[in-house]
1. What does the extension gain come out to for residue 104 and residue 43, with contour length at 0.36 nm per residue minus their alpha carbon separation?
2. Between residue 218 and residue 334, what is the spin-label point distance in nm, taking each point 7 Å from the Cα along the Cα→C-beta axis?
3. What distance in nm separates the two pseudo spin-label positions at residue 228 and residue 344, each 7 Å out from Cα along the beta-carbon direction?
4. Rank-order 265-276, 72-83, 164-175 by packing density, defined as the average count of other C-beta atoms within 10 Å over each peptide's residues, highest first.
Amino acid sequence: MEQEIIEEKEKLERERQQLLQKLSDPEFLSNSSSSNQSAKFRKISQKLKEIEKKLFLYREIFRKEKKIQEAKSILSEASDPELIELAEKEIAENEEIKKQLLQKLKNKKEENKSIKSIIMEIRAGAGGEEAALFAADLFRMYQLYAAKNNWPLKIIDQNRTSLNGLKEIIFEIDHPQAYQNLRYEAGVHRVQRIPATEKSGRIHTSTASVAVLPQVENPHIIIKPEDLEISFFRSSGPGGQNVQKVETAVRIKHKPTGIVVSCQSERSQRQNREKALEILKNKLWELEQEKIQGNITQKRREQIGRADRAEKIRTYNFPQDRITDHRIKTSWHNIQDVLDGHLEEIIETLKKEYPDS
C-alpha cells in the first residue's frame, strides 16, 4: 500500500475522532440550543458525514489490499493447480476492485478541489403556459434557497412569457457547496394543480426540467475558433421586449457537438462573450469526463430527458399538499414552505440515500 494512502487514511481517522469528541462534549451540547451553536453543530455534523464517506472508500481499499496479500501468500506456498488458480483469480478480482476504488477516490478529490460553482438550467416542458409558470416557481425556490445560504446567484440568460412565466432560465450559483447540495435536483419535476389561468377548476399536470452543471477552475479544454458560430442580439426583458438598443447579448454554438450557450447577464458584449465561452468550456469538459467514464451524454440525457410527464424525479401535488421524490419513494408536506426555499429536509434525505454519489 502506498505511504500517501496510509497517511491520508490516518489523517481522516484523527479528524473523525476529533469531531466525535467535539459532538460528545457536554459543554458544547449544552449550548446547542442557541441559533449560533445550532449552526456550528450542523456544520460539524456535515463535516463528519463527508469524512465518513471518504473513510468508507479508504477502508474498502485496505480490505481489498489485505485480501490480495493473503492470496499472494497462499500462491507463494501452493503446489496444487486448483488452489493456484483460485488464488490467482482472487488476486485479479481484488486488484480490479481496488483499482476502481482508487479511481473513485481520485475523482472525488479532483471534484472537491476544482468545483467552484454551478450552472442551473430550468426549462418549461409539457403544459404550455402553466409549465412556464411552474418553471418560474422552481427558479424562485432555488433563488430563495441560495439566498438563505448566502450563495451569490446571477441570471445568465432567460426567456420569460407575457404572464411572467419562464420558457427557460440559466443561472449561476457561485459557491463550492452548491453542487454538493443541488446536484440531486437534476431531472424532470412535475406539478399537479389548478392553474391561475384555468376557469373550470380542472387540475392540470405540467413539467419542467432542471439540469445542474458543475463549473470547474480552468478546465483544460481547447476550442478551435473555426468550431464556433457566434451571434449577437439585444438583451430582453419579460415578454420578450428589448431592454437594450445595443446588441450586447451573445449566443455561441459549438458546431462539432451542437451545444448552444447564450449569455446576457453582463454589461458589455465582450464580458458576455467571455462568460458564454466559460460555460461552453465547462459543458465540453463535462462531456469529456463522461467519455472517460464510458458514459458519453448519458448524464445529461438522464437529467433533461424529453421533459415528458412520465419522465419525472419529483411531483408537487397541490390538491394533496404533498411533494413526492420518486427516486427514493419519500413524501413531504407543506409545498409552499418548500417553494419558499426550505429545501433542507429534502436535500439531507437525498444525501443519506445517495451517500456515495
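None of the figures in this text is laboratory data; all of them are computed from the coordinates on show. All figures in this text were calculated on a predicted structure; none of them were measured in a lab. Backbone-built Cβ (ideal geometry, glycine too); neighbour counts: all protein chains shown.
1. Working: separation 61, 0.36 × 61 = 21.96 nm, distance 2.49 nm.
Taking residue 104 through residue 43 to full extension adds about 19.5 nm, to one decimal.
2. Result for the modelled spin labels: 4.6 nm.
3. 4.3 nm
4. On the way: 265-276: 16.8, 72-83: 11.0, 164-175: 19.8.
Highest-to-lowest ranking by the protection proxy: 164-175, 265-276, 72-83.
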